[in-house]
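Worksheet: one structure, shown below.
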Amino acid sequence: MKKTFNYMIRLILVVLIVLVANTSANIYETKIENKNVNNTINLSTMALKVIEVNKANKYFPKDTFTGDLTGYAYNCPLCGGTLGCMPKYNIKDGTVTYPDATYGTVRIVASSKNLPCGSIIRFNSDRVSDSEVFAIVLDRGVGGNAIDLLVPSEDYASKYIGRSSITYDVLRSGWDES
């Protein structure tokens, strides 16, 4: 009887071991399959690409400033008749624009050294135009964040431009920036 009892105990132990092993195997064999591999969203990469696209866009502002807008003519009392950044560019004939290779025909402005020569800015001023004004920094002679727009005459500057506060975007900083 003792042999039968030992035999039964062993049989029960083997059955329990098989049941536990079988149950454990089912747990470990359960897999989760992702059938949407192509629909994975990497938000970090997407954000960097949006920033790259915006930086590549020539109309995406690199910086924004607020300052005074005034007007001046080539023959103003303190002007020498030439531009600080391009002294050989002829403005004595009333020229107030510059043909930029990237932005097309743009207005000419004077700025402080805060903006490098060749910088392109964009601003809105109903005193100048009903639409956005694109301008290039080709002259010096003002302080801080002020912008001085080149106009045909001092009379035109005082009558139509005057002095007003504007906010402007820097689209290109200097000549070489892409």
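Coordinate-derived values only; no laboratory data. Predicted model, so just to flag it, every value in this text is computed and none were measured. Don't worry about glycine lacking a Cβ; one is built from the backbone with ideal geometry, like all the others, and counts go over all protein chains shown.
Restricting 83, 115 to those that are farther than 13 Å from residue 170 by Cβ and in contact (Cβ under 8 Å) with a residue 40 or more places away in the chain reduces the list to 83.
Could you list, in sequence order, all residues of the range 68-113 that are outside any loop (DSSP other than H, G, I, E, B) and among the hydrophobic types (A, V, I, L, M, F, W, C)?
Taking the range 68-113 first, the residues outside any loop (DSSP other than H, G, I, E, B) are 68-72, 97-100, 104-110.
Result: 69, 106, 108, 109, 110.
Among residues of the range 137-178 being under 17 Å from the mean Cα position of the chain (by Cα) and hydroxyl-bearing (Ser, Thr, Tyr), the one that is surrounded by the most Cβ atoms within 10 Å (Cβ to Cβ) is 168.
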